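First the structure, in the form of structure tokens, and then the observations on it.
Coordinate-derived values only; no laboratory data. In this text the structure is predicted, and so the values were computed from the model without any measurement. Positions of Cβ are backbone-derived with ideal geometry, glycine not excepted, and every protein chain shown enters the neighbour counts.
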């Protein structure tokens with residue numbers, strides 16, 4: 001039981017380290033509330049060597065967004081249950097809702 005607890009502790013600590021954030025357009029300069037525009041998953045086979053298709057996640061027409069790829073706990077579970085043959089990464093696109101001014 002202690003070994004399982006230790007393995008889960010290691011899994012939780014390493015899963016948060018694999019995050020990539022990429023800002024596109026004027027995302028950082030914009031003001032407003034952020035919201036999730038789209039989500040998706042990218043799958044790989046053979047221990048992450050060969051992509052299984054290409055994930056197509058929608059982006060705003062203006063191009064102002066932030067794309068975040070992250071290795072989450074459910075991605076870890078997919079990898080564990082398939083013995084590493086299938087791997088996945090979660091993709092999340094966030095945008096900012098522009099505040100409208102009233103005149």
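Below are the figures for this structure:
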| item | result |
| --- | --- |
| Residue tally, condition over 16 Å from the mean Cα position of the chain (by Cα) and surrounded by 13 or more Cβ atoms within 10 Å (Cβ to Cβ), over the range 34-46 | 1 |
| Residue 72 vs. criteria surrounded by 13 or more Cβ atoms within 10 Å (Cβ to Cβ), touching a residue at least 12 places away in the same chain (Cβ under 8 Å), within 17 Å of the chain's Cα centre (by Cα) and farther than 23 Å from residue 7 by Cα | no |
| Unmet requirement for residue 89, which otherwise passes all of (1) in contact with a helix residue (DSSP H, G or I) (Cβ under 8 Å, 6 or more places away or on another chain); (2) over 17 Å from residue 20 (Cα atoms) | (2) |
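Yes/no matrix, rows are residues, columns are (1) farther than 12 Å from residue 94 by Cβ; (2) surrounded by 13 or more Cβ atoms within 10 Å (Cβ to Cβ):
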| residue | (1), (2) |
| --- | --- |
| 32 | no, no |
| 48 | yes, yes |
| 55 | yes, yes |
| 59 | no, yes |
